[in-house]
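Inspection log for the structure reproduced underneath, given as structure tokens.
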Amino acid sequence: MGFEPPGSTPWPVCYHVRNAMPTRDEGDVASVRTAQRIASLPPYLFAEIDRKKAEKVAQGVDVISLGIGDPDTPTPEHIVDALCAASHNPANHRYPNYYGEPRFRRAAAEWMAGRFGVEVDAMSETLALIGSKEGIAHVFLAFVDPGDVTLVPGVGYPVYTSGGVLAGGETYYMPMSAENGWLADFESTPPDVLARAKMMFLSYPNNPTSAIAPVEYFDRAVAFAKEHDLLVIHDNAYSEIGFDGYRPPSFLERPGAKDVAIELFSCSKAYNMTGWRIAFAVGNPEAIKALGTVKSNIDSGAFTAVQDAAIEALTGPQDSITRLCDLYQRRRDLVMGALPAAGLSAETPKGTIYVWAKVPEGYTSAAFAADLLDKVGVIVAAGTAYGPYGEGYIRISLTTPDDRLEEAIERIKSL
Ligand SMILES: *Cc1c(COP(=O)(O)O)cnc(C)c1O
């Protein structure tokens, strides 16, 4: 049986899929035929680590993971309370607003004004996301056609790559190195690549390198995007996680940024809400509209009660952020103090929840990470898992409870 056209409905679907259906003889074993794009996806970052970890645990090894970046401390109580109350409101039990409840979008706009002095229109320049990961993946469907190129940081959040693969786009990795402060070098992009490029991802404070960007770099990115007609997506997942008095800026603070950019903010790292799946996009209204169009055809929005809880996060007391930054800063110092004894070195991070450490001479990232697991039962992420410019580095996450982190540090020192 083939695919039947649904009568007279004016859907612009291609009915030739009927002819593409596999014909099978009676008795054939049916096979699942996945799309090419699935085969093209890079291997999932933590899949191999998980496999090795399971193997070690089965051998009875007490494995400590400093691999994944997922806050270990709970969501602040007042936010949990807000969810409890909001979940009792029957109006919240129905389908959410596709673009986010107006009250959520207003809270997001007010937060942008209060936190950064950035003015955005709540209804046309903000959009609720089911986590910024969702927004990153879907923004490709709004802007990238097959053959279009996206400029992606040479080491970065893996969804910048996989989102492009899923949309049939191409990825150009912008060079990043210690020498250029891990600032993605968009200016060296070859002209033939630029001619096909539509989007550029940037993210500072940066995962995995924990680099921060001077505002002058953002200004250059705005000028570059204008010159080459690119949409900039600034992923500001760590906007609230700064150390030693550093408060990360918004990309949209820069003059002209809203002409070329959208920015993604997430409650995940700022308020320990990774499991809640709530974030928002702000910025260029045409880009916000296009992303909203994609989303309204795919998902039906974030649970409204979760949006209400996020409003409490954004507008309620912010002292949890100070405590969180103090916690990560203390852990950062613990890790930094232990690195030399293990032959590792790193720039002291000014933000994020990671230490990006250079492995000893003669090791690759993967070999050093494998050694740490094999010899002392500590998991870290190999730098190469984040892109081609990550060789020679490992990422150590600070989201492990203090006693386990201290134990891991003792083990790393003993290596
Ligand atoms: C954690 C992280 C995200 C994902 O955030 P969610 O809002 O939980 O989806 C996005 N970008 C970067 C750089 C991250 O580190």
Distance in Å, no decimals, from the C-alpha centre of segment 372-415 to the one of segment 217-254 is 28 Å
The size of the Cβ-based charge dipole (Lys, Arg +1; Asp, Glu -1) of the chain about the Cα centre, to the nearest 20 debye, is 360 debye
Length gained, E119-E227, 0.36 nm per residue minus C-alpha separation, equals 36.5 nm
Rounded to the nearest 10 Å², the accessible area of T189 using a 1.4 Å probe with every protein chain kept is 10 Å²
For segment 77-315, shape from the Cα gyration tensor axes a ≥ b ≥ c, cut at a/c of 1.5 then a/b versus b/c, turns out prolate
In the chain, taking the dipole from +1 charges on Lys and Arg beta carbons and -1 charges on Asp and Glu beta carbons about the Cα centre, the listed residue (T73, N97, F243) farthest towards the positive end is N97
Charge dipole of the chain built from unit charges on the beta carbon (Lys, Arg +1; Asp, Glu -1), centred at mean Cα; most positive-end Cα among F201, L291, A302 is A302
In the chain, lysine pairs 8 or more places apart or on different chains with C-alpha atoms under 14 Å apart total 9
Taking R0 as 22 Å and r as the Cβ-Cβ distance between D72 and D374, the FRET efficiency 1/(1 + (r/R0)^6), rounded to the nearest 0.05, comes to 0.35
Probe 1.4 Å, heavy atoms of protein chains only: per residue, the accessible area of the chain in Å² is 45 Å²
Whole-percent carbon and sulfur contribution to the accessible surface of the chain (1.4 Å, no ligands, DNA or RNA) stands at 55 percent
For the pair A341 and S300, the simple spin-label estimate (label points 7 Å beyond Cα toward Cβ) gives in nm 5.5 nm
Magnitude of the Cβ-charge dipole (Lys and Arg +1, Asp and Glu -1) of segment 77-315 about the Cα centre, nearest 20 debye, reported as 500 debye
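The values are calculated or read from the model by the stated rules, or taken from the named source; none is laboratory data. If you're wondering where the values come from, they're calculated on a predicted model, not measured in any experiment. Every residue, glycine as well, gets a Cβ built from its backbone with ideal geometry; the counts of neighbours run over all protein chains shown. Ligands, DNA and RNA are stripped out before the accessible areas are found, and what is left, the full protein with its side chains, is counted by its heavy atoms. Shrake-Rupley method; radii C 1.70, N 1.55, O 1.52, S 1.80 Å.
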